[in-house]
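Engineer: Pasting a structure here, questions to come.
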Amino acid sequence: MPSSRLVVILFLVFDAPRDLVFKAFTDPALIPQWWGPRSTTTIVDKMDVRVGGSWRFVHKEADGSENGFRGEFREIVPPERIVQTFEWEGMPGHILTDHITFEDLGGSRTRIVSRSVSSNKEDLEGMIESGMEQGARETYDRLEELLDTLKRTAR
C-alpha cells in the first residue's frame with residue numbers, strides 16, 4: 001500500500017527584508033522574542049544551526065510547567081530555505097518535517113512559505129489538537145512585531 005503524506009501549508013508576508021526574516025529564524029538570541037504563544041516564555045536549550053545540527057526550545061508556562069520541542073536541521077540555504085524536523089516532546093516519535101522558504105518580494109517584503117509534512121494523519125491531527133494552530137498564529141504575530149522593532153532600531 002503506498003504511503004500517504006499530509007501537508008499543512010502556511011503563506012505569510014512580512015514587511016521586512018529577507019535577510020532579516022531569515023536571521024529571526026536562525027539567531028538563538030532572537031527566538032525567545034517571537035517563538036511561541038504570548039502566555040509562555042521560550043527558552044532556547046540548544047540551537048546548532050547547521051545541516052545535522054539540532055535544536056530544542058522549551059515553553060515555560062506561568063504555572064511553571066514546561067513543554068519541549070526539538071528537531072534537526074536537514075538543509076540550510078541562507079537566506080532562502082530551511083528544512084528541519086519538528087517534534088513536540090508531549091508526543092514523542094511523531095515527527096513533522098518543516099520546509100520553510102523565504103521569498104524576496106522586493107521593496108523590503110518577504111513571503112514565507114512553510115510546508116509541514118507528516119507521514120500519517122494521526123501525527124498531523126495530534127499536533128493540530130495540541131493547539132498548534134493558535135500557537136502558530138500568536139507566534140507569527142509576535143514575529144511581525146519583532147521584525148518591526150528590528151527595522152526601527154536598524155535605521
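The values are calculated or read from the model by the stated rules, or taken from the named source; none is laboratory data. Predicted model only: the values in this text are computed from it and were never measured. So basically every Cβ, Gly included, is an ideal-geometry build from the backbone, and we count neighbours across all protein chains shown.
Engineer: Between residues in the range 92-117 that are farther than 16 Å from residue 73 by Cβ and at pLDDT below 95 and residues that are part of a loop (DSSP other than H, G, I, E, B) and hydrophobic (A, V, I, L, M, F, W, C), which pairs lie under 9 Å by C-beta distance while being six or more apart or on different chains?
Structural biologist: 108/16
Engineer: Can you tell me which residue among 56, 38, 50 is touching a helix residue (DSSP H, G or I) at 6+ places or on another chain (Cβ under 9 Å) and of a type in the set (Lys, Arg)?
Structural biologist: 38
Engineer: List every residue pair whose Cβ atoms lie under 9 Å apart, where the two residues are 6 or more positions apart in sequence or sit on different chains, the first residue falls within the range 4-21 and is more than 14 Å from residue 137 (Cα to Cα) and touching a residue at least 40 places away in the same chain (Cβ under 8 Å), and the second residue, located anywhere, is surrounded by fewer than 13 Cβ atoms within 10 Å (Cβ to Cβ) and basic (Lys, Arg).
Structural biologist: Pairs that qualify, where the first residue is more than 14 Å from residue 137 (Cα to Cα) and touching a residue at least 40 places away in the same chain (Cβ under 8 Å) and the partner is surrounded by fewer than 13 Cβ atoms within 10 Å (Cβ to Cβ) and basic (Lys, Arg), are 4/121; 6/121.
Engineer: Out of the residues in the range 1-41 that are part of a loop (DSSP other than H, G, I, E, B) and among the polar types (S, T, N, Q), state the one that is surrounded by the most Cβ atoms within 10 Å (Cβ to Cβ).
Structural biologist: Selected residue: 40.
Engineer: Filter the range 118-131 down to the residues that are among the aliphatic types (A, V, I, L, M) and either touching a helix residue (DSSP H, G or I) at 6+ places or on another chain (Cβ under 8 Å) or buried (at least 18 other Cβ atoms within 10 Å of the Cβ) (or both), then identify the one that is modelled with the lowest pLDDT.
Structural biologist: Among them, the one singled out is 127.
Engineer: Here are some residues: 56, 50. Which one is in a loop (DSSP other than H, G, I, E, B), surrounded by fewer than 18 Cβ atoms within 10 Å (Cβ to Cβ) and of a type in the set (Lys, Arg)?
Structural biologist: Of 56, 50, the one residue that is in a loop (DSSP other than H, G, I, E, B), surrounded by fewer than 18 Cβ atoms within 10 Å (Cβ to Cβ) and of a type in the set (Lys, Arg) is 50.
Engineer: Let me ask you something else. Pick out the one residue from 36, 52 that is under 20 Å from residue 73 (Cβ atoms) and out of contact with any Ser or Thr (no Cβ under 8 Å at 6 or more places or on another chain).
Structural biologist: 52
Engineer: Output yes when any residue across the range 128-149 is of a type in the set (Ser, Thr, Tyr), touching a Pro at 6+ places or on another chain (Cβ under 6 Å) and farther than 20 Å from residue 46 by Cα, and no when none is.
Structural biologist: No, that holds for no residue.
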